Amino acid sequence: MIYIEPKILNRINTWLTPAFDVETQEYIKDSIATNPKEIQEAFYKDLEFGTGGMRGIMGIGTNRINKYTLGKNTQGLSNYLKETFSGEYIKVAIAFDCRHNSKTLAKIVADVFSANNIQVFLFEDLRTTPELSFAVKHLDCHAGIVLTASHNPPEYNGYKVYWQDGGQLVPPQDSEIIDEINRIDYSDIQFVAKNDLIQYIGKNIDNAFIDASVKNGSFNTPSHAKNNLKIVFTSLHGTSITAIPEALKRAGYNNVHIVEEQAQPDGDFPTVKSPNPEEPEALKMATDLAEDINADIVIGTDPDSDRLGIAVRDLNNKITLLSGNQTMVTMTDFLLDHYKHEGCLTPTDFIGSTIVSTPMMHDLADAYNVECKIGLTGFKWIAKMIKDFPNQYFVGGGEESYGYMVGSFVRDKDAVTATLLACEIAAKSKANGSSFYNELMTLYMKHGLYKEHLISITKKGIEGAEEIKQMMIDLRGNPLKEINGSKVSLLEDYQSSIAKNMITGEKKNIDIPKSNVLIYYTADGSKIAMRPSGTEPKIKFYFSVKMDLTSISNYDKTADILDTKIKGIINALNLD
């Protein structure tokens, strides 16, 4: 018999009270007798808000996504909204993706809001996350919710909260709302809907969102160039099928080939191991189709359509998947160059990125005499930049994890508008005798060849969480002095908000909110960042190295040298 700690047992016993339905109570009683390890995993902690909202495995328990954990979140948020906007007619928008139970959970969330006398705009069926962000502003809502677990496995779901500006929660609202949620007893949740306060929305918002996407993602590309671009698109069984084909059509792209086997929304994601567009396996059907029909570009999106993977023809005319960093710098340079030639780029304009993304974004900002603002991991921090600096124009920005945002009409990463931007780049460059890939090579020639790599180590369950915690403690307690034969020159600790020069001992404060992140910089220009994931049971290591690229023909040779360097760093950190 597995011993259950008293603290966990107290949590479990709370769920055996009349505040919970009989089915839930019976499941818990049976699990205590038959599967005590699983019941401990389900109750040992509360699900927490991370970099992309709250995500977790669906099931019974405080550490699971279910009607009670989401009901508690929503009751706490309702209380906070009524206190913050006292006397106002409060409105929220709710969307959901293709995952199992998303539609049911979205209705439960809507019920709780309405029971608290809050007007709800609930999408009639699955919609993309960027459309939810757009809808919050378009409908003048005070907040928004989307039920999604992004690219996590099928057993997961999640709950993202958006504020008035259309961006995800950031300080101080995030901690204040969490405090309010923690004060809620499950018996306080108001589940009985006031249906007259729930309004279903759909086509009108779709049309407004798609028109805005086309407006923000189009850059005077001639019709003949658009017609000459052959596009393969896959929604990976997700929500983007509701928006991207229509957006491409309205933008004038008619040579679009959809991967039909993956076009039907399906929470099991039956044709892929993971619906993650940064993994080549996920896009294999699309890249195979592209080779068969000699397409120019492949675009695939994750289930809620905030992230996109792009594959284009390389120097050997083979379809190859670009990294999130490669996509980001190519898109950003295109936007900056466009606005420069339009004569409307000013030194107060800015681009945005994150602390674990490629340093090349700084090079682009310097080249165009604009500012590059850097925030923590997660697009909510880029949205916060726009909110905090309303007198500065946001050109565009992204992060290494395959997210990009064009302008500020949406305040989260947006695969819909980013798809249009990618096609504009591909179409224009092809018409000019170049290609998307050649444009990237040109940037490497100008700014140096940056090579990035990511390692994610999965540590599941209670023991895994403790292992990850201990790894970060050890890295802080015994900071590395040398990595792969190169001395550490700078160590940034975002938890203590201290950047320490490891040569002189000088310390400076980091003016970014605290986060459990360490970043090492070495004398030879390498950058190594490490952080626990905010949405998955993983610890992540990010590597960035750089060399001059003397000619495009030397790309493969130079890239191999950098790959060897990254392998050396990985070996030095005992991560291989």
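The values are calculated or read from the model by the stated rules, or taken from the named source; none is laboratory data. Everything numeric here is computed off the predicted structure, so don't read it as measured data. Neighbour counts run over all protein chains shown; Cβ positions are idealised from the backbone, glycine included. Ligands, DNA and RNA are excluded from the accessible area calculation, which covers all protein heavy atoms including side chains. Shrake-Rupley method; radii C 1.70, N 1.55, O 1.52, S 1.80 Å.
Couple of notes before you dig in:
- Extreme residue, positive dipole direction of the chain, given options 419, 353, 3 (C-beta unit charges): 353
- The spacing between region 182-240 and region 90-164, judged by their C-alpha centroids, is 11 Å.
- Surface share of carbon and sulfur [accessible, 1.4 angstrom probe, percent] for region 448-564: 50
- Note on residue 82 and residue 7: the extension gain reaches 23.7 nm, defined as 0.36 nm multiplied by sequence separation minus the Cα-Cα distance.
- Annotation: amide H-H contacts under 5 Å for residue 449 (H modelled 1.01 Å from N, sequence separation of 5 or more, or interchain): 547, 548, 549.
- Per residue accessible area of region 158-242, 1.4 Å probe, in Å²: 43
- The GluC sites (Glu not before Pro) of region 152-234 that meet both conditions, a loop assignment by DSSP and at most 15 other Cβ atoms within 10 Å of the site Cβ, are 155.
- With 18 Å as the limit on Cα-Cα distance, the pairs of 487/527; 459/500; 273/318; 284/540; 215/249 that go past it are 459/500; 273/318; 284/540.
- The chain, helix-only ellipticity at 222 nm - DSSP H runs n ≥ 4, -39,500 (n - 2.57), divided by all residues, nearest 500: -12000 deg cm²/dmol
- Amide H partners (placed H, <5 Å) of residue 320, local residues excluded: 312, 313, 314
- In the context of the full set of protein chains, region 43-139 has a per residue accessible area of 29 Å² (1.4 Å probe).
- Cα centroid separation, region 472-523 to region 411-443: 36 Å.
- Derived scalar couplings ³J(HN,Hα) [region 511-516; Karplus, 6.51 cos²θ - 1.76 cosθ + 1.60; whole Hz; x for Gly, Pro]: 8, 9, x, 4, 7, 7
- Residue 552-residue 317 pseudo-label distance in nm [points 7 Å out on the Cα-to-Cβ vector]: 1.5
- Taking the accessible area of region 392-446, probe 1.4 Å, and keeping the other protein chains in place, the carbon and sulfur fraction comes to 44%.
- Solvent exposure of region 374-452, expressed per residue, is 28 Å² of accessible area, with all protein chains present and a 1.4 angstrom probe.
- Across region 463-469, rounded Karplus estimates of 3J(HN,Hα) from the backbone phi angles (6.51 cos²θ - 1.76 cosθ + 1.60, θ = phi - 60°) give 5, x, 4, 5, 4, 5, 4 Hz, Gly and Pro being marked x.
- Between helix 555-572 and the chain there is an angle of about 40 degrees, using the helix long axis and the longest principal axis of the Cα atoms.
- Alpha-carbon centroids, region 355-386 and region 528-559: separation in whole Å: 17
- Cβ charges +1 (Lys, Arg) and -1 (Asp, Glu), total dipole of region 96-170, debye: 80
- In sequence order, region 354-368 has phi-based couplings of 10, 5, 9, 8, 4, x, 4, 4, 5, 4, 5, 4, 5, 5, 9 Hz under the Karplus curve 6.51 cos²θ - 1.76 cosθ + 1.60, θ = phi - 60°, and Gly or Pro positions carry x.
- For the chain, the longest principal axis of the C-alpha atoms and the axis of helix 67-84 are separated by about 80°.
- Listed candidates (1) 129, 102, 37; (2) 71, 57, 47; (3) 87, 69, 50 - label of the one calculated as Cα extents along the principal axes in Å: (2)
- Seen against the Cα atoms of the chain and their longest principal axis, helix 173-182 is set at about 30 degrees.
- Given charges at beta-carbon only (K, R positive; D, E negative), |dipole| of the chain in Debye: 680
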